[in-house]
1. Only one of these is modelled with pLDDT under 80, buried (at least 17 other Cβ atoms within 10 Å of the Cβ), over 18 Å from the mean Cα position of the chain (by Cα) and in a loop (DSSP other than H, G, I, E, B): Leu238, Leu232. Name it.
2. Before we move on, is Glu182 assigned to a strand (DSSP E or B), out of contact with any Gly (no Cβ under 6 Å at 6 or more places or on another chain) and not aliphatic (A, V, I, L, M)?
3. List pairs: first residue in segment 51-70 and more than 17 Å from Ala203 (Cβ to Cβ) and free of Cβ contacts under 8 Å to residues at least 40 places away in the same chain, second residue charged (D, E, K, R) and part of a loop (DSSP other than H, G, I, E, B) anywhere in the structure, Cβ distance under 7 angstrom, at least six positions apart or on different chains.
4. If I filter segment 117-152 down to residues being part of a strand (DSSP E or B) and in contact with a helix residue (DSSP H, G or I) (Cβ under 6 Å, 6 or more places away or on another chain), which single residue comes out as farthest from Val221 (Cα to Cα)?
5. Check every one of the helices (runs of 4 or more DSSP H) wholly within segment 1-111 and list those with 3 or more residues that are at pLDDT 95 or above and polar (S, T, N, Q).
6. May I ask you to list the residues in segment 185-228 that are within 17 Å of the chain's Cα centre (by Cα), among the hydrophobic types (A, V, I, L, M, F, W, C) and either part of a loop (DSSP other than H, G, I, E, B) or over 18 Å from Pro149 (Cβ atoms) (or both)?
7. Tell me whether segment 77-87 contains one or more residues that are farther than 18 Å from Ala55 by Cβ, touching a residue at least 40 places away in the same chain (Cβ under 8 Å) and crowded, with 22+ Cβ neighbours inside 10 Å.
8. Write out, first by first residue and then by second, each pair whose Cβ atoms fall under 9 Å of each other, whose residues are 6+ apart or on separate chains, and whose first residue, in segment 196-208, is hydrophobic (A, V, I, L, M, F, W, C) while the second is surrounded by 10 or more Cβ atoms within 10 Å (Cβ to Cβ) and at pLDDT 90 or above.
Amino acid sequence: MRPHLRRLALLGLTFEIVISAAAGPLNFLFFWRKPPQPKGGVSKMLRPDQQVELADLLSMAPARQKCENWAWAAAVESILRAQKVPLAQSYWVTKADGGEVCKESATDLSALPKLINGSYVLDDGRKVRLVATLVAGAPAEMTAMLEGPRSGRPLLFVWKSHAYVYRGMAYDEMIAPNGQREFAIRQLKLLDPFFEGEQKQPATYDRDKDDPADINGMIDVVATPIEGPDWLHPEKELEKPSEIYFPKN
């Protein structure tokens, strides 16, 4: 394949991703652009304008400073608050940057999972394990984007180098006679931490106006409670005792 054709083929993958299900014959086609019309007279059942969202999440903790490091930290605060884990944005900024400093430069997404992952002891004595999963660029499948809101969990979404909270989306679903399902993004529902309140924070990614190449990535942060201590073997209470943190607001 000629170099310029190879580049075009790779670019096409940004807009149309084929995902095979782990079990069963079901396949998923996931589109960031409006999907092509079916060929050969194939009839598909259309379920237009489907919605998944955190209906109660109408606003988020605003960034205490209008700096990009505070934007992602505010997003993480809101994501964890929805999971009943109170870790303030000031804690994350201090942990990442050594103090409550302002950084205007774009966030290094690849560094955030390592920063977030670990086991934490909260001020009320509860212990939780945080696992952050990064998807770089426009997500190639919808599991986290669907299951996050359905589970009451928002996501960290970075678009044009700015961090948002992802709270849901509108999409079209098409089902072929062979069971193949196609999902076409219509809009992503976001919250911008640089603003405050229900009227100013909402932002929208629109497939008809916006470019998926501008999506930097997404991080799903899952908090799992850790059961009570093993009093006979406290050194075995956590897999990596060196990762226990005692955050304070």
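1. Values: Leu232 fails: buried (at least 17 other Cβ atoms within 10 Å of the Cβ).
After applying the criteria, what remains is Leu238.
2. Values: assigned to a strand (DSSP E or B): yes; out of contact with any Gly (no Cβ under 6 Å at 6 or more places or on another chain): yes; not aliphatic (A, V, I, L, M): yes.
Here the answer is yes, as Glu182 does meet what is asked.
3. These pairs meet every condition: Cys67/Lys103; Cys67/Glu104; Asn69/Lys103.
4. Ser119
5. On the way: elements: 3-15, 68-81, 89-97.
Answer list for segment 1-111: 89-97.
6. Ala213 - this is the single residue of segment 185-228 that is within 17 Å of the chain's Cα centre (by Cα), among the hydrophobic types (A, V, I, L, M, F, W, C) and either part of a loop (DSSP other than H, G, I, E, B) or over 18 Å from Pro149 (Cβ atoms) (or both).
7. Yes, segment 77-87 contains a residue that is farther than 18 Å from Ala55 by Cβ, touching a residue at least 40 places away in the same chain (Cβ under 8 Å) and crowded, with 22+ Cβ neighbours inside 10 Å.
8. Sorted first by the residue in segment 196-208, then by its partner, the pairs are Ala203/Trp159; Ala203/Tyr164; Ala203/Leu188; Ala203/Lys189; Ala203/Leu190; Ala203/Leu191; Ala203/Asp192; Ala203/Phe195.
The values are calculated or read from the model by the stated rules, or taken from the named source; none is laboratory data. Owing to the predicted nature of the structure, the values given are computational and were not obtained by experimental measurement. As a convention, Cβ positions derive from the backbone with ideal geometry for all residues, glycine included, and neighbour counts pool all protein chains shown.
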